[in-house]
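What follows draws every value from the coordinates through simple rules; no lab data is involved. The model shown is predicted, which means the values in this text are computed figures rather than measured ones. Glycine gets a Cβ as well: all are built from the backbone with ideal geometry, and neighbour counts include every protein chain shown.
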Amino acid sequence: MKVLIACLATETNTFSPIPTGTLAFEELAVTRSATSEPANLFSAPLHEWRRLAEQRGWAVVESLSACAQPSGTTIKRAYEAYRDEILADVQAHMPDIFLIFMHGAMIAEGYEDCEGDLLARARAILGDSAVIGMENDLHNHLTQAMLDAANLIVAFKEYPHTDSTDRARELFRMAADTAEAKIDPVMRDYDCRMINMFHTTRAPMQKFVADMQAREAMGDVLSLSLCHGFPWGDCERVGARMLAITDGNAERASAVAREFGEYLWSLRQQIKADWPTIGQAFDRVEAADAFPVVLADFADNAGGGAPADSTFVLQEVLKRGLRDVAIGIFWDPVLVRMCRDVGVGGRMQVRVGGKVGAMSGDPVDINVTICGLKEGMSQMMGQSAMPMGTGVWLETDGVHLILSDKRTQAFHPTAFTDLGCDLAAMRAVVVKSSQHFYAGFAPIASEVIYMATPGAITPDYARIPYAKRDPNYWPRVENPFQN
Ligand SMILES: [Zn+2]
């Protein structure tokens, strides 16, 4: 058997002002030897696929692995160049099994469904006898083109995404069984008509994940994936879809997908985001008696394509005159560059935030001390090291700001502590992240508060200004199944 492995991944926020071109990919990871380099969230599956294939004595061909931090629509020539490089390898090596990690929510100029496009072209090259398997982030838009071209699609189950390697292992096993004619996988999906974020770290979604796994263990389905959807990617298929894979039984796959889709629908009132405003959240901080309170600036999450330089929370903190508050990570390569020139201990007047677009709010002018500076920083996200670039710690009147020159969300307390900023001394720690912060920050938090902040990925799902998506979805309408 010959296995070809590849990765092409970014999550496209079509409302983000930041274009995604080759520079954006090169800044994060573009390599032809991903498995001999440290794994990131999206290349970790390639490491696992190589290990499992070599264990069986199978040949492994490694193609491109390219990922970019989520941002706006991908530039056409960047997508086409990466796609064509992978397809050229497929054509040159004609593998028995083609395994690829793609995010699942990549939109390029002229391509609303990059994953479906790439897989359809791979299928045209390989014909029906080869096995095509794709692993996705769960924030994907599951399309018919993807389902038609692939034999197997498996999405992460956990958000935060701590299970990329586990899902890779399951996909490999099913792909190997398919290639050896032990199973004949059939995929069916169910449209849940829901747009929301689904946090699997707490009830009821934690149990939903456990129930999917319990059902997989029963044996009548090979795999279940809840494709959460990515709400800020304007396309026809945005929304949650349930995917079931069975061994040759299309009817059962449809029935189980529907069963779990209806289960998700039944949970909607419990998972509805009803979060405090920034002001309400800081009222709670001021009334708290245990610290630090960790607050999520949900809408300025670089991981969802936001600029990571909004100032709405900073302005509230300064207005209240609060001290012992840390906020990060602001993306500001220009200011980081200036701080490198001045050095630790220096004092300067700076303009922070509000620079990338209107959705970042107004910039803030403050006098700061440079308290820490470190090059080559990274943060752990599960078992993956996520690069942060050069980090800077600035302080003004007890308010501590963390900046970086690589745009990234706050995944882990080390983004602050590696610079010397002691989070145990803070009343509040504000993270520019929607949910990936949780695994790292919950253990140090007295309490975690998600804030309904303004910004590029505001959690007001009923009002996202879609041009391509049918408006018949919850929570825009109370019951989309009645229409
Ligand atoms: Zn995701």
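Quick look at the values:
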{"quantity": "In region 376-482, the GluC sites (Glu not before Pro) that fall in loop regions by DSSP, at most 13 other Cβ within 10 Å", "calculated": "478"}
{"quantity": "Local electrostatic count at residue 298 - Lys and Arg +1, Asp and Glu -1, tallied over other residues with Cβ under 13 Å", "calculated": "-3"}
{"quantity": "Span from the region 11-35 Cα centroid across to the region 226-253 one, whole angstrom", "calculated": "25"}
{"quantity": "Cβ-placed point charges (K, R +1; D, E -1), dipole of region 2-270 about Cα centre in debye, nearest 20", "calculated": "400"}
{"quantity": "Excluding exposed DSSP-loop trypsin sites (Lys or Arg not before Pro) (at most 15 other C-beta within 10 Å), longest clean stretch of the chain", "calculated": "324-467"}
{"quantity": "Value of relative contact order over the chain, rounded to a whole percent, pairs C-alpha under 8 Å and six or more apart", "calculated": "16"}
{"quantity": "Cβ-based charge dipole, the chain, positive-most Cα from 287, 176, 30", "calculated": "287"}
{"quantity": "Distance-filtered residues of region 33-54 - backbone nitrogen under 14 Å, label point 7 angstrom along residue 1 Cα→Cβ", "calculated": "49-54"}
{"quantity": "Pairwise centroid distance, computed over Cα atoms, of region 73-124 with region 382-433, Å", "calculated": "35"}
{"quantity": "Percent RCO, i.e. relative contact order, over region 278-458, from Cα pairs under 8 Å lying at least 6 residues apart", "calculated": "37"}
{"quantity": "Listed residues 306, 396, 60: farthest to the positive end of the dipole of the chain (Cβ charges)", "calculated": "396"}
{"quantity": "Selection from 364, 352, 464 lying farthest towards where the dipole of region 329-483 points positive, charges on Cβ", "calculated": "464"}
{"quantity": "Given charges at beta-carbon only (K, R positive; D, E negative), |dipole| of the chain in Debye", "calculated": "380"}
{"quantity": "R0 of 56 Å, Cβ-Cβ distance residue 124-residue 341: FRET efficiency to nearest 0.05", "calculated": "0.55"}
{"quantity": "Hydrodynamic radius (Kirkwood) for the chain, which is based on Cα pairs only, to one decimal in Å", "calculated": "22.9"}
{"quantity": "Lysine pair number, Cα distance threshold 26 Å (strictly under), the chain, separation 8 or more or different chains", "calculated": "19"}
{"quantity": "For the chain, calculated [θ]222 nm from helices alone, where every DSSP H run of n ≥ 4 adds -39500 (n - 2.57)", "calculated": "-9000 deg cm²/dmol"}
{"quantity": "Separation of the residue 202 and residue 479 label points, Cα + 7 Å toward Cβ, nm", "calculated": "2.9"}
